[in-house]
1. Calculate, for A:Arg189 and A:Phe140, the FRET efficiency according to 1/(1 + (r/R0)^6) with r their C-beta to C-beta distance and R0 22 Å; round to the nearest 0.05.
2. If each DSSP helix of 4+ residues adds -39,500 (n - 2.57) and the sum is divided by the residues in chain A, what number results at 222 nm, nearest 500 deg cm²/dmol?
3. Among A:Glu177, A:Glu3, which comes first, then next, by fewest other beta-carbon atoms within 10 Å?
4. Which residue, chosen from A:Leu97, A:Gly171, A:Phe233, occupies the Cα position most advanced towards the positive end of the dipole of chain A, where the dipole is computed from +1 (Lys, Arg) and -1 (Asp, Glu) charges on Cβ about the Cα centre?
5. Provide A:Cys85, A:Cys247 in ascending order of the number of other Cβ atoms located within 10 Å of each residue's Cβ, fewest first.
6. By how many nm would the segment from A:Arg31 to A:Leu89 grow when fully extended, if each residue of separation counts as 0.36 nm and the alpha-carbon distance is taken off?
7. Calculate the dipole size of chain A relative to its Cα centre from +1 charges on Lys and Arg beta carbons and -1 charges on Asp and Glu beta carbons; express the result in debye to the nearest 20.
8. If a paramagnetic tag sat 7 Å from the Cα of A:Arg214 along the Cα-Cβ line, which residues of region A:1-26 would have the backbone N under 13 Å from that point?
Amino acid sequence: MPELPEVETIVRELRGRIEGKTVQHVQVLRRDVIYGADVPIEEHLLGRSIGKVTRRAKRITFDFKPPTRVVFHLGMSGRLNLVPCEEELKTHTHLTLTFEKSRHELRFVDPRRFGGVWLLDGTYESSTGRSLGPLGPEPFDLIPAKFALLLQRQKQIKALLLDQTLIAGLGNIYCDEALHAAGVHPTSRAGEIEADDTRRLLRAIKSTLHRAIRHRGSTLVDYRRANGDPGSFQRLHRVYNREGQPCKRCRTPIERMQVAGRSSYFCPACQPVRDA
DNA sequence: CGCATTTCCTGGAGGC
DNA sequence: TGCCTCCAGGAAATGC
C-alpha cells in the first residue's frame, strides 16, 4: 500500500537511473490501465527521452518533451520496478518500457488495478476515463497555522487526514502512526482538537513520514522498492497491524476499530477519547 | 455543500 | 486438498 514514503523511495531510486534515458520499446499488456490522451502511448514515448522524475503526493511523474508527461499512481498493489530485461514477467504486468543502452527495463505491475497510468499531453481535459483528482498541499509544506485552518471542520480527524484533497500523501498506515505519536484518537472531531495537539499532530506527521522515508517505506504485502527489495519501516510501526500487541510506549494492548471505513489501530491509553 | 458509505479488484487467510 | 467466504485498501461514485 504505497503512501508518500514508499512513493518517495521509488522516485529516489529511479531518478538518476532512468532520467535522460531514451525509450526504445513500449510494451502494453493491458491497455485499459492507461488513461488520458487518446493517442496510443507508444506514439508519444517511442524515441523520446525521460526528463525529470518527480513525486507529488502518491503520484510519480515522468516528464517527457513538454507538454507530454506520464503519471503513475500505484493504488494499493501497484509496483514500478526497474529490473534486468531477461527477468521473467510477473503476472499483472501491464506496461513495460525498455531504454537505449540499458540492460534494465521499467515495469508497471498492479494486480488489483486500483492504480493506473495517465498519459498527459495537454488535451487531458477533453479526454475520457478515470481522472486524476485535485490534491491538497504536501504535508512537508504545511505550517501550523495553515494546518489548523484545514482542521476547522467536523470530520473525524482520521477521515480528514486520509482525504487527499485536504492533505496529500498520507494513507492508512501513516495516519495511524502519526495519530499515535501525537496522542490523538482517530475518531476525534478535527475542529475540536486543542491547539497544542494540533501542533503536535503536524510535527508527528512530518517526523513519521521522514523516518519512514529513511527506512525505505513499509512492506506489509505488496509494496516493493524500485529494485524489488522490501522496505523496513514496518518493523518500527507502533500501532499499525499490531492489534492485541503491547503499545511500544505504555504496554497497553493496541486496539483496532473501523474509522472512515478503514481498519484503524490505536492505543486506548496514549490516545484517549477526549470529551469536548 | 459536507460528511458517510459503497464500490471497484485480486490474492491471501481461514473455515469446513 | 479443494471450495467457499471474507477481508485488505486509494479514491471515485453514490447516498443522504
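A short reminder: the numbers here are calculations on the coordinates, not readings from a lab. Because the structure is a prediction, the values reported are computed rather than measured. Reconstructed Cβ throughout: ideal geometry from the backbone, glycine too, with neighbour counts over all protein chains shown.
1. Values: r = 25 Å, r/R0 = 1.16.
The formula returns an efficiency of 0.30 here.
2. Mean residue ellipticity, 222 nm, calculated: -6500 deg cm²/dmol.
3. Ranked by crowding around the Cβ, least crowded first: A:Glu3, A:Glu177.
4. With unit charges placed on the Cβ atoms, the residue in question is A:Phe233.
5. A:Cys85, A:Cys247
6. This chain segment gains 19.2 nm when fully extended.
7. Charge dipole, chain A, about its Cα centre: 720 debye, nearest 20.
8. Residues passing the 13 Å test: none.
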